There are 4 protein chains.
Amino acid sequence: MSPLVIITGVGPGTGSALVRRFHDGGYQVAMLARTAERLSDLESELPNAFAVPCDVADPAALANALETIEQRAGAPKVVIHNAVGGAFGNFLDIEPEVLQQNFQINVMALLQLARWVAPRMEAAGGGALLVTGNTAAYRGKAAFAGFAPSKAAQRVLTECIAREMGPRGVHASFMMIDAVIDLPWTRARFADMPDDFFIQPSDIAEEVWHVTHQPRSAWSFLTELRPFREPW
Amino acid sequence: MSPLVIITGVGPGTGSALVRRFHDGGYQVAMLARTAERLSDLESELPNAFAVPCDVADPAALANALETIEQRAGAPKVVIHNAVGGAFGNFLDIEPEVLQQNFQINVMALLQLARWVAPRMEAAGGGALLVTGNTAAYRGKAAFAGFAPSKAAQRVLTECIAREMGPRGVHASFMMIDAVIDLPWTRARFADMPDDFFIQPSDIAEEVWHVTHQPRSAWSFLTELRPFREPW
Amino acid sequence: MSPLVIITGVGPGTGSALVRRFHDGGYQVAMLARTAERLSDLESELPNAFAVPCDVADPAALANALETIEQRAGAPKVVIHNAVGGAFGNFLDIEPEVLQQNFQINVMALLQLARWVAPRMEAAGGGALLVTGNTAAYRGKAAFAGFAPSKAAQRVLTECIAREMGPRGVHASFMMIDAVIDLPWTRARFADMPDDFFIQPSDIAEEVWHVTHQPRSAWSFLTELRPFREPW
Amino acid sequence: MSPLVIITGVGPGTGSALVRRFHDGGYQVAMLARTAERLSDLESELPNAFAVPCDVADPAALANALETIEQRAGAPKVVIHNAVGGAFGNFLDIEPEVLQQNFQINVMALLQLARWVAPRMEAAGGGALLVTGNTAAYRGKAAFAGFAPSKAAQRVLTECIAREMGPRGVHASFMMIDAVIDLPWTRARFADMPDDFFIQPSDIAEEVWHVTHQPRSAWSFLTELRPFREPW
C-alpha cells in the first residue's frame with residue numbers, strides 16, 4: 001500500500017507543490033485547507049490526493065479530520081505542518097487576538113498533530129514531521145509582533161518534539177525559508193523583481209521530500225533555504 | 001514625586017527581591033500577584049509598596065489593575081514582567097491547555113502590559129520594560145514542551161517591542177537567568193548543593209536595577225546571568 | 001567532460017566516502033591529503049580519482065596542488081574543505097601553537113581555496129564550496145579551546161564567502177555534523193555503543209552531494225546532521 | 001594596596017574611558033598600547049595609571065610587558081582585552097595576511113593573556129577577564145572577511161575560558177558593542193548623524209566596570225550594548 005502524507009495549509013504555492021512532489025513520489029496525499037474549493041483542482045488531477053477541509057485552528061475539527069484520514073488511509077508516514085497564521089504590524093498596531101490566533105494555528109495545531117501522529121509513527125517503526133517557517137522564528141523584527149512570537153514558539157516546540165521523538169525513531173524538523181515564494185500575489189507585489197528573486201515552490205517541495213527521507217544515521221533538524229541572490 | 005515601578009509575579013523569590021531593590025532605590029512599587037496574602041508582609045514592611053491582586057492571565061483583571069495603579073500613582077517609569085507560567089513534561093505528557101495558559105501569562109499579558117505602558121513611557125520621555133526568563137527562551141529541551149515555546153515567544157515579542165520602542169526612547173530588555181534561584185523549595189529540592197550553587201534573588205534584582213537604569217547611549221537587550229559554578 | 005570536485009582531508013572516513021559518492025556521480029575527483037599512501041587504494045580502485053599529496057597548512061604547497069589539479073582537470077565545479085586540524089584540552093593545557101596551526105588548516109587554507117576557486121566558478125557560471133564542521137563552530141566548551149575558536153572562525157568566514165558569492169552564482173555552505181562518525185578509531189573508543197550510535201560516512205557524503213547540487217532558487221547555507229539517537 | 005587592572009588597546013576612545021573609569025574606581029591601571037606617545041597624556045593626568053608600550057601581536061613583547069607590570073604592581077584583579085585588529089573588505093579583496101594578523105591580536109594575544117592571568121587570579125581568590133567586541137563576532141557579513149572570523153574565534157575562545165575558569169572563581173566575559181563609538185574619526189565619517197547616534201565611550205566603560213564587579217552568584221557572560229536608536 002502507498003504510504004500516506006498529511007499536508008496542512010494546502011494553498012496555491014508551497015502546499016500544492018508539496019502535494020505534487022509526494023504524489024509523484026508514490027504517496028497518498030491527505031490535503032488540509034480551510035476551504036475545499038481550492039483543493040478540487042488538485043483532487044481531480046491527482047488520483048491519490050484527497051481533500052479534507054479543516055480549519056486547523058479548531059481542535060475539534062482537526063481531531064475530526066485526522067480520524068477521517070485514518071479511516072480512509074491509515075496512519076501517515078509523513079506529516080507536514082505548512083498551515084500558517086500570519087500578520088503584519090508592530091505590537092501597538094496589531095490586535096492582540098491576531099497573535100492569539102496565530103499561536104493557535106502555528107503552535108497549538110502543531111502540538112495536536114504531533115500528539116496524534118508521534119505514537120502512530122513510533123508504532124509503525126518511524127516517520128517524519130516537518131514544519132515550514134521563516135526567519136521570524138529566529139528574531140523579532142518590529143513589524144512582525146503578531147507573527148514572529150508564534151513562529152519562534154513553533155520552532156522551539158518542534159525542537160522539543162524532535163528531542164523526545166528522535167531516539168524513538170520519529171524525525172521532527174524545521175525548514176526556515178528565508179525567501180519570497182514565487183506566487184501570483186508575491187509576483188504582483190514585487191513586480192519589478194526578476195524571476196530568480198523568488199524561491200520556487202517546487203524547489204521547496206523537493207527539499208522537504210529530501211529531509212523527510214533522510215536515513216536515520218543523518219537527520220537534519222534545521223534546514224535553511226534561500227535563493228542564491230538573497231541577502232541575509 | 002517618586003517614580004513608579006510595576007512588578008508582576010511578586011512571589012517569595014525574585015519578585016520580592018525586586019520590590020525591595022526598587023523600594024530602596026526610591027521607587028513606589030506596585031506589586032502584582034494572584035493573591036494579596038503573599039504581598040501583605042511586604043506591604044506592611046515597605047511604606048511605598050502597595051499590592052494589586054491580579055491574575056495577569058485575565059486581560060480584564062490586568063486592565064483593571066493597571067487602571068487602579070495609574071489612578072493611585074500615575075504612569076510607571078519601569079515595568080518588570082516577572083510573572084511566569086511554567087510546566088514540566090514532554091509534548092505527549094503535558095495537557096495542551098497548559099501551554100495555552102503559559103502563553104497567556106508569558107506572552108499575551110506581556111503584550112497587554114507593553115501596549116499600555118509604552119505610549120505612556122514615550123509620552124513621559126522614557127522608561128524601561130524588562131522581562132525575566134531563562135534558557136527555555138532559547139532552546140526546546142524535550143521536558144519543557146509546555147513551557148519553552150511560550151518563553152521563546154516571549155523573548156521574540158520582547159525583541160519586537162525593543163526594536164519598535166528603542167528609537168522612541170523606551171528600553172525593552174530580556175534577562176536570561178540560567179540558574180537555580182535560591183528559594184525555600186529549590187533548597188529543599190537541591191538539598192545537597194552548597195550555598196553557591198544558587199543564584200541570589202537580591203543579585204538578580206541588582207542586575208534588573210542596573211539594566212533598567214542604563215544610559216540610553218548604551219542599552220542591553222539581552223542580559224545573561226549565571227552563578228560562577230554553573231555549567232552551560 | 002566530467003565535472004571536477006576537489007576534496008581536502010581525504011582520510012578513511014568522511015573523505016573517502018565523499019570521494020566515492022562524487023565518483024559514482026560522474027565526477028573526476030582530486031583527492032588531497034598529507035600523505036599519498038592513504039590515497040593509493042582509492043586511486044587504484046576509482047579510475048577518475050587522483051591523489052594530490054599536499055599539506056593544506058602550507059600555502060605554497062596548496063597553491064602548487066591547485067595548479068597541478070587545474071592543469072590536469074581544469075577548474076572544479078565543487079570544492080569540499082574537509083581537512084581539519086583538531087585538538088583537545090582546555091586553554092591552560094593546550095600549546096598555543098596548536099590553535100595557530102588549526103587556524104591555518106581550518107581557516108587560512110579555506111580562505112586560500114576560496115580565493116582561488118570562487119573566480120573560476122563564477123566565470124564558469126556557478127559552483128559550490130562546502131565546509132564540514134561540527135558543534136565546536138557554534139560554542140566554546142572548555143575542553144575545545146585549541147579547536148573551537150578555529151572552527152567558529154571557519155564558519156563565519158564561510159558565511160562571508162557565501163554572502164559575497166551567492167549573488168554571483170557560487171554556493172558556499174557549512175555542514176555541522178553533530179555526531180560521532182563511524183570509523184575504526186571511534187568504534188574502538190566507543191566500543192560499547194550500538195551501530196546506530198554512529199553517523200555513517202556514506203550518509204554524510206550523500207548529504208554533501210545533495211547540498212552541493214541544490215537548484216539555485218533554494219540553497220542551504222547551514223546543514224545540521226545528527227543520528228536519530230543523538231541528544232542535543 | 002590598590003587593585004590592578006590591565007587594559008590592552010588604550011586608544012583615544014573606549015580604552016581611555018576604561019582607564020579613567022578604573023582609575024576613578026581606585027585601581028592602578030596598566031595601559032598597553034603600541035606607542036607610548038598616545039598614553040603620555042593619560043599617564044601625566046592620572047597618578048595611578050602607567051603606560052607599558054607593547055605590540056600585543058608580538059608574544060615575546062607581551063610576555064615582557066606582563067612581567068614588567070607584575071614586578072611593578074603585582075597580579076591584576078581585572079584584565080580587559082580591548083586591543084583589536086580590524087579590516088574591511090570581502091574575502092577576495094583582503095590580503096590573507098590581514099586575517100592572520102587580526103587572529104594574532106584578537107585571539108592569540110587573548111589566549112596568552114588568559115594563560116598568564118587565570119592562574120594568578122585563581123590563586124588570589126578571583127578576578128575578571130573581559131573582552132570587547134561587536135556583531136562581527138556573531139555573523140560573517142561579506143565586507144568583514146578579514147575581521148569577523150577572528151572575532152568569532154575570539155568570542156568562542158572567551159567562552160572556552162569562561163567555562164573552564166568560572167567554577168574556579170575567575171569571571172571571563174564578552175561585551176558585544178553593536179554601535180558606532182563616539183570618536184573624532186567616527187564623528188568625521190558620520191558627520192550628519194546627531195549626538196545620540198553614537199555610543200559614549202564612558203558608558204561602555206561604566207558597563208565594563210559593572211560586569212567585572214558582578215557578585216559571583218550572578219555573572220554575565222555576554223553583554224550586549226546598543227544606543228537606543230540603533231536598528232538591529
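The values are calculated or read from the model by the stated rules, or taken from the named source; none is laboratory data. For clarity, every value in this text was computed on a predicted model and none was experimentally measured. Reconstructed Cβ throughout: ideal geometry from the backbone, glycine too, with neighbour counts over all protein chains shown. The protein model used for the area step is the full one, side chains on, heavy atoms only, and it has no ligands, DNA or RNA in it. Shrake-Rupley method; radii C 1.70, N 1.55, O 1.52, S 1.80 Å.
Shown for D:Met193: label points 7 Å from Cα along the beta-carbon vector, and their distances to the equivalent points in the other copies, 2.9, 4.2, 4.8 nm in ascending order.
Based on every Cα atom in the protein assembly as shown, Rg and the maximum pairwise Cα distance Dmax equal 28.6, 87 Å.
Taking the DSSP bridge list for the protein assembly as shown and keeping only pairs wholly inside it, about 5 percent are antiparallel.
Residues in chain B average 36 Å² of solvent-accessible surface per residue, probe 1.4 Å, ligands and nucleic acids excluded. The residues of segment A:55-93 occluded by other protein chains by 50 Å² or more of accessible area, set against the chain on its own, are A:Phe91, A:Leu92; surface from heavy atoms, 1.4 Å probe. Across segment C:139-153, rounded Karplus estimates of 3J(HN,Hα) from the backbone phi angles (6.51 cos²θ - 1.76 cosθ + 1.60, θ = phi - 60°) give 8, x, 6, 3, 7, 10, 5, x, 10, 4, x, 6, 6, 4, 4 Hz, Gly and Pro being marked x.
Within the accessible surface of segment A:4-225, defined with a 1.4 Å probe on protein heavy atoms only, the carbon and sulfur portion equals 50 percent.
Interface residues of segment A:141-187, defined as those losing at least 50 Å² of solvent-accessible heavy-atom surface relative to the isolated chain (probe radius 1.4 Å), are listed as A:Ala142, A:Pro149, A:Val156, A:Cys160, A:Arg163, A:Glu164. Remark: accessible area buried at the D-C interface is about 3200 Å², both chains counted, probe radius 1.4 Å. Cross-link partners for D:Lys77 among the lysines, with Cα-Cα distance under 26 Å and sequence neighbours closer than 8 places in the same chain left out: C:Lys141, D:Lys151.
Using just the helices of chain D, give the 222 nm mean residue ellipticity in deg cm²/dmol: DSSP H runs with n ≥ 4 each add -39,500 (n - 2.57), and the total is spread over all residues, rounded to 500. Computed ellipticity for chain D at 222 nm equals -12500 deg cm²/dmol.
With chain A treated as a Gaussian network of Cα nodes joined by springs under 10 Å, which of A:Thr186, A:Thr68, A:Thr132 yields the largest mean-square fluctuation? Between A:Thr186, A:Thr68, A:Thr132, it is A:Thr186 that shows the largest mean-square fluctuation.
For segment B:4-225, a simple Cβ point-charge model (Lys and Arg +1, Asp and Glu -1, everything else neutral) yields a dipole of about 620 debye relative to the Cα centre.
With a cut-off of 8 Å between alpha carbons and a minimum separation of six or more residues, what is the relative contact order of chain B in percent?
Details: 431 pairs, mean separation 44.7, N = 232.
RCO, chain B: 19 percent.
Distances between equivalent label points of A:Glu37 across the copies, with each point positioned 7 Å along Cα→Cβ, amount to 5.7, 7.5, 7.9 nm, shortest listed first.
Directionally averaged projected area (segment B:170-220, Cα convex hull): 4.2 nm². Note on segment C:1-86: percent of Cα-Cα distances in each 5 Å bin, starting at 0 and stopping at the bin with the largest distance, equals 3, 17, 30, 28, 17, 5, 1, 0.
Kirkwood hydrodynamic radius of segment C:4-225, from the reciprocal of the average inverse Cα-Cα distance over all distinct pairs: 17.6 Å.
The residues packed around D:Gly166, meaning those with a beta-carbon under 14 Å from its beta-carbon, carry a net charge of -1 if Lys and Arg are +1 and Asp and Glu are -1.
Note down the magnitude of the dipole of the protein assembly as shown about its Cα centre, charges +1 on Lys and Arg C-beta and -1 on Asp and Glu C-beta and zero elsewhere, to the nearest 20 debye.
0
Interface residues of segment D:197-216, defined as those with an accessible-area decrease of at least 20 Å² between the chain by itself and the complete set of protein chains (probe 1.4 Å), are D:Asp203, D:Glu207, D:His210, D:Pro215, D:Arg216.
Label separation (B:Arg115 vs B:Arg189): 3.3 nm, computed from points 7 Å beyond Cα along the C-beta direction.
Ligands, DNA and RNA aside, D:Tyr27 has an accessible area near 10 Å² when probed at 1.4 Å. Inter-copy label distances for C:Pro59: 1.9, 6.3, 6.4 nm (label point placed 7 Å from Cα along Cα→Cβ; shortest first). Among D:Phe144, D:Phe88, D:Phe221, which one moves the most in a GNM of chain D with springs linking Cα atoms closer than 10 Å? Per the Cα network of chain D with a 10 Å cutoff, D:Phe88 tops the list. Taking only alpha carbon atoms, segment A:142-232 gives an Rg to Rh ratio of 1.04, where Rh is the Kirkwood radius.
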